[in-house]
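The values are calculated or read from the model by the stated rules, or taken from the named source; none is laboratory data. Remember, it's a predicted structure, so these values are computed and weren't measured experimentally. No Cβ is skipped: glycine too gets one built from the backbone with ideal geometry, and neighbour counts run over all protein chains shown. Please note that ligands, DNA and RNA were not included when accessible areas were found on the heavy atoms of the full protein model with its side chains. Shrake-Rupley method; radii C 1.70, N 1.55, O 1.52, S 1.80 Å.
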Amino acid sequence: QVQLVESGGGLVQAGGSLRLSCAASGRTFETYPMGWFRQAPGKEREFVAVISWTGGTTLYGDSVKGRFTISRDNAKNTVYLQMNSLKPEDTAVYHCAVSRFLRPSTTINDYPYWGQGTQVTVSS
């Protein structure tokens, strides 16, 4: 059983930065891609970023390209999301997830393991 625990969320002004972390435990996950998704109030959960197990492949949602960076440290079983130039529309609960497939995916249904999420609030 996989346990994922996110941290690093908070309140930040527009234009600011935050770094989210997601610590995984319970099984070997370093061979699988890990992703970040977010869900704003009243909206569907959306893809933010994913990273392959080697870190050699990263994919980003259109709304965060050029502002967010995903990375991982397999020795620490941790994936990170560096968020820069934050906007009020980035306000959401951010969840990390582990994919069931070896290829990076932007599809929510490809991720069976999820963390509880961390709140990010960006004020204008």
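Laid out as a table, the results:
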quantity	calculated
Number of positions in segment 4-34 that are open to solvent by less than 30 Å² (accessible area, probe 1.4 Å), within 22 Å of Thr106 (Cα to Cα) and outside any strand (DSSP E or B)	2
Hey, Val48 hydrophobic (A, V, I, L, M, F, W, C), buried (at least 17 other Cβ atoms within 10 Å of the Cβ), closer than 19 Å to Thr121 by Cα and modelled with pLDDT of 95 or more or not	yes
Which numbered condition Pro41 fails, given (1) within 15 Å of the chain's Cα centre (by Cα); (2) surrounded by fewer than 11 Cβ atoms within 10 Å (Cβ to Cβ)	(1)
All positions within segment 92-123 that are farther than 18 Å from Val64 by Cβ and either open to solvent by 10 Å² or more (accessible area, probe 1.4 Å) or in a strand (DSSP E or B) (or both)	Val98, Arg100, Phe101, Leu102, Arg103, Asn109, Asp110, Pro112, Tyr113, Trp114, Gln116, Ser123
Extreme residue, nearest to the chain's Cα centre (by Cα), among residues of segment 68-91 that are among the small types (Gly, Ala, Ser) and not in a loop (DSSP other than H, G, I, E, B)	Ser71
Matching residues in segment 28-44 - criterion: being modelled with pLDDT of 90 or more and of a type in the set (S, T, N, Q)	Gln39
